[in-house]
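Below: the structure, in structure tokens.
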Amino acid sequence: MVKIKELFAAKDLTEGTPWKRIIEFAIPMLIGNIAQQFYNTADSIIVGKYVGDNALAAVGSSSPILNLLLVLFVGIAVGAGIMVSQYFGAKDREKLSHTIGICISLTAIASIIIMIIGPLVTRPMLHFLNTPDTIIDWCANYLNIFFVGISGFAYYNILAGVLRGLGDSLSALIFLLISTALNVVLDLLFVAKFNMGVPGVALATVMAQGISAILCLIKLLKMKNNFDVSLKMLKLNKEYSLKLIKLGLPSGLTQAIFSLAMIVVQSLTNSFGEMVIACNVIVMRVDGFAMMPNFSFGSAMTTYAGQNIGAKKMDRVDKGTKHGTLIAVGVSTVITITILVFGRYLMGVFTDTKELVDLSMHMMRILAVGYIAMAVTQCLSGVMRGAGDTMTPMWISLITTVVLRVPVAYTIAYFTRSSAYPTGRPESTFISLLVSWTMGALITTIFFKRGKWRKKSIVNEA
């Protein structure tokens, strides 16, 4: 029983063999990220099978708008993870307690803001994206339900980030698996049995995420041996709030930049018609799973670097960076090969339309090699963020998405226009993404080796 409790306790990543600790921490995160992706994938599969390809396109077309309006939570979560991991590594109980309290309060404020703004901007943004009339009502309903129930999503991601910063990646995994199973059951109930269509998918997701958030909060409140829990800690503090925002804002802006680029590219995708929109949804769902190891190792490296920098063990940071990056590249190589060999079967899970499966597999072949490049980007960026340098990854994201991806996509589309493709070849959006990923890995490696991130620790600040 004691050993089982230890699995769900906070973990000190400043001791032990680096690669072993990284893998121990990353595996639950990887499983959790796969489960998180299964949320959206289950939505897509159930909608595609029970409602149709247009409904599938509606869920996918909603994603860029949804991601754009969630950047507040991305910023809070990243800032929280960095502060929690460094203060935990430094064994500073008071600052750790204040940080966790501020996270809970700021998340409540951000949730209210999104609940108000979200429904007001949904339709104008859908029209701006040239969303086809055949799916715009479904898109609007999906987004509005999600925004009204945003607090569940927000608190799960923030509190899970705090738990991971404390070294406990297993608890967040268990809670997410529970809510994922619930999400699938509710999807089938609302869509297949009650015929609620796309709104039923949104409602199922919101309810399931609320459960996972409650479970995370209960777990966190039981970890009083690591920090103090009181109403005093929930009071907004200027020092900690500004520090969290300073650390998290660049990551939030990075997500915003990425989402804006996605919106601009989505507008181009929408011009290709419903078949290409549905293809994009399928590819992005498979892409979500393919990216999970990269995101998992990237997040693991953030916590690992944060704790060790807090403990002033830079030699472990350097060794762990090499170990983590090599492991991530190896895993991504295996995934790339798997996609190329078995990708067609994966596409067939989402639709029975042969033309759509063929088109989706064609696009996925374009992207496949890019996952190896992203493994490098995510790991090195994770270390920089863990050190407190969130600005460098932001600028790299700005360059690769705004300066590279969007112009490349539209340029290729422009020069490939023809009678058969009046708005250009649909491959343009996927080629631009591959270019963005590849250049991102190169630029990230250059800035990482310059080493300015080594001087960004917050534990020595007043």
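The values are calculated or read from the model by the stated rules, or taken from the named source; none is laboratory data. The structure presented is a predicted model; accordingly, all values stated were derived computationally and were not measured. Glycine also receives a Cβ, built like all others from the backbone with ideal geometry; neighbour counts cover every protein chain displayed. What goes into the accessible areas is simple: the full protein's heavy atoms, side chains included, and nothing from ligands, DNA or RNA. Shrake-Rupley method; radii C 1.70, N 1.55, O 1.52, S 1.80 Å.
What to note about this one:
- Restricting region 67-173 to trypsin sites (Lys or Arg not before Pro) that sit in a DSSP loop and have at most 15 other Cβ atoms within 10 Å of their own Cβ leaves Lys91.
- Using alpha-carbon coordinates, inclination of helix 238-270 to the longest axis of the chain, degrees: 10 degrees
- Of Lys322/Lys455; Lys319/Lys449; Lys232/Lys312, pairs whose Cα-Cα distance is over 21 Å: Lys232/Lys312
- Near Ile65, once Lys and Arg are set to +1 and Asp and Glu to -1 for all other residues with Cβ below 15 Å from its Cβ, the sum equals 0.
- Ranking Tyr414, Asn144, Ser212 by Cα position along the charge dipole of the chain, where only Lys, Arg, Asp and Glu carry charges on their C-beta atoms, puts Ser212 farthest toward the positive end.
- Set against the labelled values (1) 43, 30, 19; (2) 35, 25, 21; (3) 42, 26, 19, semi-axes √(5λ) of the Cα gyration tensor in Å computed from this structure falls on (2).
- The chymotrypsin sites (Phe, Trp or Tyr not before Pro) of region 143-216 meeting both criteria, a DSSP state outside H, G, I, E and B (loop) and at most 16 other C-beta atoms within 10 angstrom of the site's C-beta, are Phe194.
- Diagonalising the gyration tensor over the Cα atoms of region 39-129 and scaling each eigenvalue by 5 before taking the square root yields semi-axes of 36, 17, 10 Å, largest first.
- With every protein chain in place, region 318-442: carbon and sulfur % of accessible area (1.4 Å): 73 percent
- Helix axis angle, 169-187 relative to the chain longest principal axis, alpha carbon, degrees: 30 degrees
- Rounded, prolate or oblate (a/c below 1.5 giving rounded, otherwise prolate when a/b exceeds b/c) for region 107-234 by Cα gyration tensor: oblate
- The charge dipole of the chain, taken about the Cα centre with unit charges on the Cβ atoms of Lys, Arg (+1) and Asp, Glu (-1), comes to about 1620 debye, rounded to the nearest 20.
- Accessible carbon and sulfur surface of region 124-270 relative to its total accessible area, %, 1.4 Å: 70 percent
- Our coupling estimate for region 106-111, obtained by passing each phi through the Karplus curve with A = 6.51, B = -1.76, C = 1.60 and θ = phi - 60°, is 5, 5, 4, 5, 5, 4 Hz, Gly and Pro reported as x.
- Contour excess over end-to-end distance, with Cα ends at Val341 and Ser230 and 0.36 nm allotted per residue: 34.6 nm
- Environment charge at Thr325 (Cβ cut-off 13 Å; Lys +1, Arg +1, Asp -1, Glu -1): +2
- Centroid-to-centroid separation of region 87-132 and region 320-392 [C-alpha atoms, Å]: 27 Å
- Average accessible area per residue (Å²) across the chain - probe 1.4 Å, nucleic acids and ligands excluded: 41 Å²
- The alpha carbons of region 193-264 give a radius of gyration and a Dmax of 18.5, 51 Å, in that order.
- 5 angstrom amide H check on Asn237, placed H, neighbours 5+ away: none
- Using Cβ point charges alone (K and R +1, D and E -1), the dipole size of region 306-452 about the Cα centre works out to roughly 560 debye.
- Using distinct alpha-carbon pairs, which all enter the 1/r mean, Kirkwood radius of region 303-433 in Å: 17.4 Å
- Net +/- balance of residues flanking Ser397 in space, Cβ distance below 13 Å, scoring K and R +1, D and E -1: +2
- In nm, spacing of pseudo-spin labels at Leu217 and Lys49 (7 Å Cα→C-beta vector): 3.4 nm
- The phi torsions of region 294-305, fed into the Karplus equation with coefficients 6.51, -1.76 and 1.60 and a -60° offset, translate into couplings of 5, 5, 5, 5, x, 5, 4, 5, 5, 5, 4, 5 Hz, rounded to whole numbers, with Gly and Pro shown as x.
- To the nearest ten degrees, helix 71-89 and the longest principal axis of the Cα atoms of the chain are 30 degrees apart.
- Taking the helices alone, the chain has a mean residue ellipticity at 222 nm of -27500 deg cm²/dmol, built from -39,500 (n - 2.57) per DSSP H run of at least 4 residues and averaged over all its residues.
- Extension gain for Arg454 to Thr333 (0.36 nm times residue separation, less C-alpha to C-alpha distance): 40.6 nm.
- Between Leu242 and Val349, the contour length at 0.36 nm per residue exceeds the Cα-Cα span by 33.9 nm.
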